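**Q** Supplied in structure tokens, the structure appears directly below.
None of the figures in this text is laboratory data; all of them are computed from the coordinates on show. What you are looking at is a predicted structure, and each value in this text was computed from that prediction instead of being measured. Please note: Cβ atoms are built from the backbone with ideal geometry, for glycine as well, and neighbour counts cover all protein chains shown.
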């Protein structure tokens, strides 16, 4: 049944995009956190997408879903601000903030939500077409 | 005799199955719009339909030269040769080598949905015609 796997394909993409949105949310939430006692500040995370074939026939390129292959941490050093009165300051008086770039994260968020919407719309169209297919020969 | 009734239906059934396959292919492209390295595919519908129907015009019966031959059977259900799957070239280059052009994919998706529904209506019309021929009213 050809169109049935559209729900698998678009569903996997919607789930991958929502995971991306989750990561963006946690990055934005931690945008202003400072380093703890161990000196390690929060590191921005990013998801990597990978194609996953999910047709009924093996290696069928016409049903290509998406999965999150890994979540990687951004290794750029965090922002350091000189503020000796801050409780989180180190011996030199520097406070290390997380390395989250809020602008990048906002762009990422908009892109993820647009892609999510696209996939939901694909599923809606597929659903209405399948419902009309079910009524074939009756009208 | 029954061939004449079912030949058009067979042809439309092939078209419908190919349309649904193309719909799934475009859905895959849209799903992979953010996947690095993904290469968008598309289905050459005309060629795929020619392949699936064995290059036959609808409502033309096959030659029957022996008693055991089946007349007028066009194509095997949903048979699609791999040759009809093509790679879409990207209009703009992308840093992550992804060739999905979302504008084009959305347009193809809408186009394919409409044509899928058109094929459905052709089938419905055909069924209605056959039914009115059978009932004779």
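**Q** Using a 7 Å offset from Cα along Cα-Cβ at residue A:102, what residues in segment A:28-71 end up with backbone N under 19 Å from the label point?
**A** It comes to A:28-35, A:41-45, nothing else.
**Q** For chain A, take the longest principal axis of its alpha carbons; what is the angle in degrees between that and the long axis of helix A:5-29, to the nearest 10 within 0 to 90?
**A** Once rounded, one gets 10 degrees.
**Q** Sort the following peptides by mean Cβ neighbour count (other Cβ atoms within 10 Å, averaged over residues), highest first: A:19-31, A:114-126.
**A** Result, highest mean Cβ count within 10 Å first: A:114-126, A:19-31.
**Q** Also: I want to make sure I understand the PRE zone here: with the label point 7 angstrom from the Cα of residue A:7 toward its beta carbon, which residues in segment B:1-33 have backbone N atoms less than 16 Å away?
**A** B:24
**Q** Still on this structure: Please give, to one decimal in nm, the separation of the simple spin-label points placed at residue B:89 and residue B:122, each 7 Å out from Cα toward the Cβ.
**A** 3.0 nm
**Q** Further question: How tilted is helix A:102-134 with respect to the longest principal axis of chain A? Cα atoms for both, answer in degrees (0 to 90, nearest 10).
**A** Compared with the principal axis, the helix lies near 10 degrees.
**Q** Would you calculate the separation in nanometres between label points at residue B:44 and residue A:70, each defined as 7 Å from the Cα along the Cα-to-beta-carbon direction?
**A** Label at residue B:44, label at residue A:70, 4.0 nm between them.
**Q** Can you figure out the FRET efficiency of residue A:110 with residue A:134, using R₀ = 45 Å and their beta-carbon distance, to the nearest 0.05?
**A** For residue A:110 and residue A:134, the calculated efficiency is 0.80.
**Q** Calculate, in whole percent, how much of the Cα-Cα pair population of segment A:2-134 lies beyond 23 Å.
**A** Across segment A:2-134, Cα pairs with separations above 23 Å total 50 percent.
**Q** Follow-up. From other protein chains only, count the Cβ atoms within 10 Å of every residue's Cβ in B:114-122, then give the mean. Please report the intermediate quantities before stating the final value.
**A** On the way: counts 0, 0, 6, 4, 0, 1, 7, 3, 0.
Mean shielding by partner chains, rounded to a whole number: 2.
**Q** Any idea what diffusion coefficient the protein assembly as shown gets from Stokes-Einstein, in µm²/s, Kirkwood Rh on alpha carbon pairs, 4 °C, 1.567 mPa s? The partial results should precede the final answer.
**A** On the way: Rh = 22.1 Å.
Diffusion coefficient, whole number: 59 µm²/s.
**Q** Assuming 0.36 nm per residue, please report the length gained on full extension of the stretch residue A:79 to residue A:53 beyond their Cα-Cα distance. Please list the in-between numbers first.
**A** Details: separation 26, 0.36 × 26 = 9.36 nm, distance 4.08 nm.
Between residue A:79 and residue A:53, full extension yields an extra 5.3 nm.
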